[in-house]
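K.L.:
There's a structure below that I have some questions on.
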Amino acid sequence: MLDRIAGFFRLIGQTIGRQVRLFSAWAFWPFLAAHGWYQRRSWMIRLPIIAFVALFVVLYGYFFWQTQVWSNFNTALVDQYRLSERKVPAGQELSVAEGASAGPAKTCQRSAIVDVAADLTDFNVDQNAWISSMLLYKMGFFGIDWDHTPFLDNKASFQRGINQAVRRTSAELVDTLGRVRGTSGINNDLQRARGNLQFDEHSWYFGLNPFGPKTPTPSFYRTAIGDLRKFNTDLAACNAIFDGRADNLMQFIDRIANDLGSTSDMLAERSEHHNRGWFDTRADDRFWFAYGQLYAYHAILSAAQADFSQVVRERNLGAIWGGTTRQFQAALRIQPAIISNGREDGWIMPSHLATMGFYILRVRSNLVEIRSILDR
């Protein structure tokens, strides 16, 4: 009996070994053939090939480094803003005791939402390379889109999740927060920032459709950073408007809740219909896109609590807002090394997408309750 069991496992080992040898032969045959061809060429042909291979190695080394190193990634990002020390809502005039300089010039409170949106974009394109528009990312893995592979796409998805949240925030700044409701006067800096942040996420210096040179994506996002900071400079000088009314906050919360609801649906669809455990190659980019959204919205909503501090106090939203913050923090503690999209009742491979979806729904439930309170 034991001999038959041992023979069975030997057969499995031999089969796996044979398949590995066949795969190795298939994978390395082109390189061996190229080596033979290369050995028969003159140095006039060899030198350009060496230069090309060296450039290829350097580019892929840089690409690998940029995709694996997440500079200044910090789930406690909110702490650096010291929002609890702000006593005046955004756009309202500061007294001398609250930080304004003495003299005839007025000073108003900056918008924490705008600061956070600018800093998140700076994190994406200045503190890190914007992965989605890099040439090697666009080329894919032997023609396969990196998003369809289980590696080197997590940071790109995370950045796009952050960008999705910043785009939504920039739209709300233009439509409601950065102007008085019912007026047609749109702030030009916020309008330009929204337009630049809506630019295609995948543009490189050259494109095929349309054919010709292009301005790469990071250049547009860097311009948006300048526009956002310009608005806040004007706001601090009391030359711009931040309309911190309860109905504006309600609409802002509503838009964010809808955005998170769409992401929850995306995770649910993937979890229900493609639950192949560790072998689902799209699970990782779905997970890290959602994680990037939560990372950004955690900071943006914390900033909104400071910008709308008067509304939060008047409507007694402090407790539920604190609960929402804790839900964000709990979700951001989930950082698995390998993303698994297994069955929810599975016992070998966990379901990270279902777990992330659960936390998103908890956050969204709190946001819906905040909106309900504001609507009373």
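Matching residues to (1) within 30 Å of Ile131 (Cβ to Cβ); (2) part of a helix (DSSP H, G or I); (3) open to solvent by 80 Å² or more (accessible area, probe 1.4 Å); (4) modelled with pLDDT under 75:
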residue	(1), (2), (3), (4)
Gly7	no, yes, no, yes
Gly13	no, yes, no, yes
Arg21	no, yes, yes, yes
Trp26	yes, yes, yes, yes
Leu32	no, yes, yes, yes
Gly36	no, yes, no, yes
Leu55	yes, yes, yes, no
Phe73	yes, no, no, no
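K.L.:
Any residue in the range 286-308 that's open to solvent by 10 Å² or more (accessible area, probe 1.4 Å): show its pairings with residues that are among the basic types (Lys, Arg) and part of a helix (DSSP H, G or I) at Cβ separation under 9 Å, as long as the two are six or more apart or on different chains.
P.N.:
Going by the 9 Å Cβ cut-off, the qualifying pairs are Arg286/Arg270; Trp288/Lys155; Trp288/Arg160; Phe289/Arg160.
K.L.:
I'd like the full set of residues that are part of a helix (DSSP H, G or I), open to solvent by 10 Å² or more (accessible area, probe 1.4 Å) and within 28 Å of Ala246 (Cβ to Cβ), limited to the range 146-183.
P.N.:
Of everything in the range 146-183, those that are part of a helix (DSSP H, G or I), open to solvent by 10 Å² or more (accessible area, probe 1.4 Å) and within 28 Å of Ala246 (Cβ to Cβ) turn out to be Gln164, Arg167, Arg168, Ala171, Asp175.
K.L.:
What are the residues in the range 111-127 that are more than 23 Å from Leu177 (Cα to Cα) and open to solvent by 10 Å² or more (accessible area, probe 1.4 Å), if any?
P.N.:
Within the range 111-127, Phe123, Asp126, Gln127 meet the criteria.
K.L.:
Can you find even one residue in the range 133-145 that is hydrophobic (A, V, I, L, M, F, W, C), at pLDDT 90 or above and not in a helix (DSSP H, G or I)?
P.N.:
The answer is yes; a qualifying residue exists.
K.L.:
Here's a follow-up. Just give me the residues in the range 279-305 being in a helix (DSSP H, G or I) and of a type in the set (D, E, K, R), in sequence order.
P.N.:
If the condition is that a residue be in a helix (DSSP H, G or I) and of a type in the set (D, E, K, R), then Asp284, Asp285, Arg286 are the ones that fit.
K.L.:
Which residues, counting only those in the range 214-247, are over 13 Å from Gln191 (Cβ atoms), among the β-branched types (Val, Ile, Thr) and open to solvent by 50 Å² or more (accessible area, probe 1.4 Å)?
P.N.:
Thr215, Thr233, Ile241
K.L.:
Six or more apart or on different chains, Cβ atoms under 6 Å: show the pairs whose first residue is in the range 222-241 and within 20 Å of Leu197 (Cα to Cα) and touching a residue at least 60 places away in the same chain (Cβ under 8 Å) and whose second is charged (D, E, K, R) and open to solvent by 70 Å² or more (accessible area, probe 1.4 Å).
P.N.:
Asn232/Arg110
K.L.:
Regarding Lys87, is this residue within 30 Å of Gln305 (Cβ to Cβ), open to solvent by 60 Å² or more (accessible area, probe 1.4 Å), basic (Lys, Arg) and in contact (Cβ under 8 Å) with a residue 40 or more places away in the chain?
P.N.:
Yes, satisfied.
K.L.:
Return the residues of the range 336-360 that are more than 22 Å from Leu152 (Cβ to Cβ) and either open to solvent by less than 70 Å² (accessible area, probe 1.4 Å) or at pLDDT 95 or above (or both); say none if nothing qualifies.
P.N.:
Gly342, Gly346, Pro350, Ser351, Ala354, Thr355, Gly357, Tyr359, Ile360
The values are calculated or read from the model by the stated rules, or taken from the named source; none is laboratory data. Bear in mind that the values here come from a model prediction, so they are computed numbers and not experimental data. Neighbour counts run over all protein chains shown; Cβ positions are idealised from the backbone, glycine included. We work out accessible area using only protein heavy atoms, side chains counted, and drop any ligands, DNA or RNA first. Shrake-Rupley method; radii C 1.70, N 1.55, O 1.52, S 1.80 Å.
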